[in-house]
Amino acid sequence: MAESVISVRKLVKRYGDLVAVRGIDFDVMRGEVFSMLGPNGAGKTTTVEILECLKSKTSGEVSVLGLDIDQRVREIKKRIGVLPQDFNAFDLLTVKENIEFFGKMFSDHIPADDLIALVDLESKRDEYFKNLSGGLKQRVGVAISMVNDPDIIFLDEPTTGLDPKARREVWEVIKGLKAKGKTIILTTHYMEEAELLADTVAIISKGKIIAMGSPVELVENNAKYQIVTLQSVDEIVFETVRKIGFEPVLSDEKTSESGWSTRKMCNGY
Ligand SMILES: Nc1ncnc2c1ncn2[C@@H]1O[C@H](COP(=O)(O)OP(=O)(O)OP(=O)(O)O)[C@@H](O)[C@H]1O
Ligand SMILES: [Mg+2]
């Protein structure tokens, strides 16, 4: 049976009059990618920073790796890794020097060269951090989050602001961590990122979890309609799709010489 490594019950966080987290409940299972998906100000960072023992909660019960977050901070911190939302390293240290610097904070740490290989940065090993692109900086951040060989890794918006290619490269690194058996908490604004990487997605809005489940369950339970894109199809395929309830999204799409080429079809609005 799957083992819960994070348990959150009735978690509330207030900042003065503002209630940023409004009584949320969830479990994260060992080895899964658990994604918190939500817009700006939804309460994602607040929630993960409480789990990381960086912020105190107002009320509720939270345990990480079976340890109470108020009582066992030092033990928890030894066994988790964190890539903060506003991650930055030392501009005038190289990739390797930065990773070594953070490694020294832990008595047991993974050799910098192993981490550099893990995030595929061998060619940038001796480059100053300040000279790296945004995507490469985030990969250094992932390497640093792994220095203590943690059981659980928190990645707070690791791909925000990256171009599509850099984003895909970070996704590959995250898939690699999952393949190593790590449990990953991933916050994101991007539906496609959660869908691609996550086993469980919690959609968070205004401090509440408004839907939670596997990406497939969420689409089945919440999507009002589906859109399919047909590429290089002829009239017969188009008519077949029409018979099962799909209509063209744009009525003015043209037929190419060889029949219908690319078309978006939707089964209801
Ligand atoms: N230290 C703080 N003091 C007061 N209010 C705060 C503090 N930190 C966050 N907030 C507020 O709490 C709410 C939730 O913020 P949080 O940073 O958790 O959201 P988020 O989902 O991470 O957003 P984003 O996607 O922009 O990172 C917001 O209204 C924010 O302004
Ligand atoms: Mg945030």
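Could you give the length gained by full extension between His189 and Val249, i.e. 0.36 nm per residue of separation minus their alpha carbon distance, to one decimal place? Kindly include the intermediate steps, with their values, before the conclusion.
On the way: separation 60, 0.36 × 60 = 21.60 nm, distance 2.57 nm.
Working it through step by step, the gained length comes to 19.0 nm.
Using +1 at the C-beta of Lys and Arg and -1 at the C-beta of Asp and Glu, which of Gly23, Pro164, Ala211 has the Cα lying farthest in the positive direction of the dipole of segment 4-222?
Projecting each Cα onto the dipole axis, the largest value belongs to Gly23.
How do the peptides 132-139, 213-220, 32-39 rank, highest first, by the average count of neighbouring beta carbon atoms within 10 Å per residue?
In decreasing order of mean packing, 132-139, 213-220, 32-39 become 32-39, 132-139, 213-220.
Between Lys130 and Cys266, what is the spin-label point distance in nm, taking each point 7 Å from the Cα along the Cα→C-beta axis?
Between Lys130 and Cys266, the simple spin-label model gives 4.9 nm.
Using modelled backbone amide H atoms (1.01 Å from N, in-plane), which distant-in-sequence or interchain residues come within less than 5 Å of Gly81's amide H?
Correct list: Ile152, Ile153, Phe154.
Could you work out the per residue convex hull volume over the alpha carbons of segment 4-222, in cubic angstrom?
Enclosed volume per residue, from the Cα hull, is 118 Å³.
Taking springs between alpha-carbon atoms closer than 10 angstrom, which of Thr47, Thr229, Thr183 fluctuates most in the Gaussian network model of the chain?
Thr229
To make sure I understand the rule: partners must be lysines, Cα under 23 Å from the Cα of Lys44, and not fewer than 8 residues away in the same chain. Which ones qualify?
Lys10, Lys13, Lys55, Lys57, Lys77, Lys78, Lys137, Lys175, Lys178, Lys182, Lys206, Lys208
Over segment 61-135, what is the relative contact order in percent, taking alpha-carbon pairs closer than 8 angstrom and at least six residues apart?
Here the relative contact order equals 32 percent.
Averaged across orientations, what area in nm² does the convex hull of the alpha carbons in segment 136-244 project?
9.7 nm²
Once you have a ≥ b ≥ c as the square roots of the Cα gyration tensor eigenvalues for segment 46-91, tell me rounded if a/c is under 1.5, and otherwise prolate or oblate according to whether a/b is larger than b/c.
Since a/c reaches 1.5 but b/c is at least a/b, the shape of segment 46-91 is classed as oblate.
Report relative contact order for the chain in percent, whole number only (criteria: Cα-Cα under 8 Å, sequence separation at least 6).
21 percent
How would you rank 94-103, 57-66, highest first, on the average number of other Cβ atoms within 10 Å across their residues?
Most protected by this proxy first, the peptides run 94-103, 57-66.
How many nm separate the modelled label positions at Lys78 and Ile210, each set 7 Å beyond the Cα in the direction of the Cβ?
It works out to 4.2 nm between the two label points.
In whole Å, what is the distance between the alpha-carbon centres of segment 133-210 and segment 6-37?
If we compute the Cα centre of each part, the gap is 17 Å.
With the cut-off at 1.5 for a/c, could you classify segment 1-105 from its C-alpha gyration tensor as rounded, prolate or oblate?
prolate
Based on the Cβ-Cβ distance of Trp171 and Met105, what FRET efficiency does E = 1/(1 + (r/R0)^6) give at R0 = 25 Å, to the nearest 0.05?
Once rounded, the FRET efficiency stands at 0.35.
Just tell me which lysines come within less than 24 Å, Cα to Cα, of Lys130; anything on the same chain fewer than 8 places away is out.
Result set, ordered by chain and number: Lys96, Lys104, Lys165.
Can you run phi through the Karplus equation (6.51, -1.76, 1.60; θ = phi - 60°) for segment 220-227 and list ³J(HN,Hα) in whole Hz, with x for Gly and Pro?
Taking θ as phi minus 60°, the curve returns 5, 7, 10, 6, 7, 7, 10, 10 Hz for segment 220-227.
How much length, in nm to one decimal, is gained on full extension between Val233 and Leu196, taken as 0.36 nm per residue of separation minus their Cα-Cα distance?
Between Val233 and Leu196, full extension yields an extra 10.7 nm.
Of all DSSP beta bridges located in the chain, what percent are antiparallel, nearest 5?
60 percent
Determine, from the Cβ-Cβ distance of Lys55 and Thr240 and an R0 of 41 Å, the FRET efficiency 1/(1 + (r/R0)^6), rounded to the nearest 0.05.
0.15
About the Cα centre of the chain, what is the dipole size in debye to 20, counting +1 per Lys and Arg Cβ and -1 per Asp and Glu Cβ, all else neutral?
The calculated dipole for the chain is roughly 780 debye.
Once both axes come from the Cα atoms, what is the angle between helix 164-179 and the longest principal axis of the chain, in degrees from 0 to 90, rounded to 10?
60 degrees
Read-outs: derived from the displayed coordinates by stated rules, not from any lab. For clarity, every value in this text was computed on a predicted model and none was experimentally measured. All Cβ positions, even for glycine, are placed from backbone atoms using ideal geometry, and neighbour counts span all protein chains on display.
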